[in-house]
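Remarks on the structure that follows.
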Amino acid sequence: MSTAHLFVETVDAIRSLGWALAVWVVLLAAVASLALWTVLVTVAWACRAVWRGVAAALALVQRSQAPEPLPEPHKPAQTRVARSRPSWAQPDEEAA
């Protein structure tokens, strides 16, 4: 084997190892990105569930502490005469 042939084989081996390393780095980055994305989505989902639970508990506590609303006072029924008059025949309150 000549020196030139040995040099060409060495360069070819280095090039092959470089491509293998590049593929390894890309695959590792893809797996790491997927793992990180999974962790982030899981944490976000858990935080959202906890937040909804806390909000529901606070709403329940506030609802139980709120006083009962008072019933509205009874309004007297309108007289039949006032309802039967047309709108132009109603007394004008501004003129009085």
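Computed from the coordinates by the stated procedures, all read-outs in this text should not be read as laboratory data. None of these values were measured; they are calculated from a predicted model.
Through the Karplus equation 6.51 cos²θ - 1.76 cosθ + 1.60, θ set to phi - 60°, convert the phi angles of the range 46-63 into ³J(HN,Hα) values in whole Hz; use x for Gly and Pro.
Coupling constants for the range 46-63: 5, 5, 5, 5, 5, 4, 5, x, 5, 4, 5, 5, 5, 5, 5, 5, 5, 5 Hz.
Between the range 1-32 and the range 40-55, what's the alpha-carbon centroid distance in Å?
About 46 Å separates the Cα centre of the range 1-32 from the one of the range 40-55.
Find how much the distance from residue 88 to residue 50 grows on full extension, using 0.36 nm per residue of separation minus their present alpha carbon separation; answer in nm with one decimal.
7.5 nm
Answer rounded, prolate or oblate for the range 1-62, using the Cα gyration tensor with square roots of eigenvalues a ≥ b ≥ c: rounded when a/c is under 1.5, else prolate when a/b is larger than b/c, else oblate.
prolate
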